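Written below as structure tokens is the structure these notes are about.
The values are calculated or read from the model by the stated rules, or taken from the named source; none is laboratory data. In this text, all values refer to a predicted model and were calculated from it rather than measured experimentally. Every residue, glycine as well, gets a Cβ built from its backbone with ideal geometry; the counts of neighbours run over all protein chains shown. Surface accessibility is based on the protein's heavy atoms, side chains included, excluding ligands, DNA and RNA. Shrake-Rupley method; radii C 1.70, N 1.55, O 1.52, S 1.80 Å.
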Amino acid sequence: MDQSRLLAIANRFALPAAATAVEPLGNGNINDTYLVHTASGERAVLQRINTRVFERPDLVMANLAVLTAHASAQAAQQKTQQETQQEDQGWQLPRPIACGPQGPVPPAAAAEGPTCPTWLEERGEVWRMLSYVAGCVSHDTVQSLDHAREVGRALGRFHHLVADLPGERLHDTLEGFHVTPRYLEHYRRVQADTTLPPCPESSWCRRFVEQRLDLVPVLEQAREAGRLRLRAIHGDPKVNNVMVSATSGRAVALVDLDTVKPGLLHTDIGDCLRSACNPAGEETTDLEAVQFDLELAGGLLGGYLEEARSCLSPCDLDLLYDAIRLLPFELGLRFFTDHLAGNVYFKASHPRHNLERALVQFRLTESIEAQAGEIRRLIQQLSCR
Ligand code: GN1
Ligand code: MG
């Protein structure tokens, strides 16, 4: 997209100074993300929300407002209790930056009062601006055992933060997200209609899915039976959504808050391990390199439990292994389905991209299955500490 249009959009938001340059940021599969530089040297993050995926961006922003208000209230409470520890003072979540006063006010926001809206509609596109977490970096793959621990701490910190935020206060902005049986139903429909000719890899994927039908409903059945309950979740705690300090390496922020909504903590934990314990990363084409690294899992879960042990009941712990196995399978199924559907959901840079991504997630699932006993023991050891 041309720089002048991006600059014009950026300048519709209430930045501390005029935007001077806009460049692509990160590798998101859904939204388009840009880093905005301003005349005063401050930076901000501009995003075009993919409205084919997020059909109600207003509700995504409403959830973000609820979360931001909750986080501020908690921080204020901690300060009055003088519990804030030195090392925690840098912890933050990205904040929405409202449109400048010249921006149009959508009718819904106008009805709520005079505050400026936090998103902008232009030519049928939806844009929003978020604060930039300065002094930090993020990585697409896990860098070290310490990094894995920090990724776990970030998720634990987030779960602890939202533990007293009732799930009902959040809108369900992506119905069916992480409801694995729904992905299987969709897969069946797409499979029946696909016009793609079979290839050895896609035949392998089909068999892989059919052999694991018993895995699909494991978390949903537990929820229906009352063993798991809906809570506020992040929804996408992959390794590159954790910002770590460029100097200390400590986790400073968990970003990408579009999928904060009611859900199961297990999907967050399973997804975080899926992402951070496969050092080859989700974009590799070297399938031999894909493996679930038990040592990294120990570091990550240890870091997570340091922050969020109180959020997990014995029943939650019982289902952790299932979640760790399920989430890479689920993402593999989502990628494979999208490949068969013609790459309509995840951005793809070539026609087999989503098939390649599916193979990575299925290989990771196999690696997890091969280490089932060790992973269960690890969970037990860590949760007894
Ligand atoms: C998508 O857009 P991004 O990269 O933040 C997806 C996640 C997947 C992830 C895999 C809303 O996230 O569920 O785990 O790709 N987000 C949505 O990289 O579907
Ligand atoms: Mg995301």
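Given the DSSP H assignment, sum -39500 (n - 2.57) over each helix run of at least 4 residues in the chain and divide by its residue total; what's the result at 222 nm in deg cm²/dmol, nearest 500? So the helix-based figure for the chain works out to -14500 deg cm²/dmol.
The range 14-76 and the range 245-276 have their alpha-carbon centroids 17 Å apart. Under a model in which nothing but the beta-carbon of Lys, Arg (+1) and Asp, Glu (-1) is charged, the chain shows a dipole of about 340 debye around its Cα centre. Computed over the Cα atoms of the range 138-269, the ratio of the radius of gyration to the Kirkwood radius (Rg/Rh) comes to 1.05. Rounded to the nearest 20 debye, the dipole size of the range 228-363 about its Cα centre is 280 debye, using +1 on the Cβ of Lys and Arg and -1 on the Cβ of Asp and Glu.
Sorted largest first, the spans of the alpha carbon positions of the range 243-358 along the three principal axes are 44, 37, 31 Å. Within the accessible surface of the chain, defined with a 1.4 Å probe on protein heavy atoms only, the carbon and sulfur portion equals 50 percent.
Note: relative contact order over the range 265-338, using C-alpha pairs below 8 Å and six or more positions apart, is 45 percent. For Lys238, a cut-off of 21 angstrom between C-alpha atoms picks up these lysines, skipping any fewer than 8 places away in its own chain: Lys261, Lys347. Considering only Glu224, Glu295, Glu306, the mean-square fluctuation computed in a Gaussian network model of the chain, springs between alpha carbons under 10 angstrom, is largest for Glu224.
The tail of the calculated P(r) for the range 1-82, taken as Cα-Cα distances beyond 14 Å, holds 71 percent of the pairs.
Looking at the chain, the accessible area is 45 square angstrom per residue; that uses a 1.4 Å probe and ignores ligands, DNA and RNA. Would you kindly calculate the mean projected area, averaged across all directions, of the convex hull enclosing the Cα atoms of the chain, in square nanometres? Result: 20.1 nm².
In sequence order, the range 57-65 has phi-based couplings of x, 4, 6, 4, 6, 5, 4, 5, 5 Hz under the Karplus curve 6.51 cos²θ - 1.76 cosθ + 1.60, θ = phi - 60°, and Gly or Pro positions carry x. Using C-alpha pairs below 8 Å separated by at least 6 residues, the relative contact order for the chain is 18 percent.
At full extension, Leu317 and Asp140 could sit 60.9 nm farther apart than now, given 0.36 nm per residue minus the alpha carbon distance. Computed packing ranks the peptides 210-218, 183-191, 252-260, 28-36 as 252-260, 28-36, 183-191, 210-218, most packed first, by mean other Cβ atoms within 10 Å.
Among the protein heavy atoms, those of Arg352 account for about 100 Å² of accessible surface (1.4 Å probe, every chain in place). As a length-normalised measure over Cα pairs under 8 Å and 6 or more apart, the relative contact order of the range 114-242 settles at 41 percent. For Lys79, a cut-off of 20 angstrom between C-alpha atoms picks up these aspartates and glutamates, skipping any fewer than 8 places away in its own chain: Glu87, Asp88, Asp164, Glu307.
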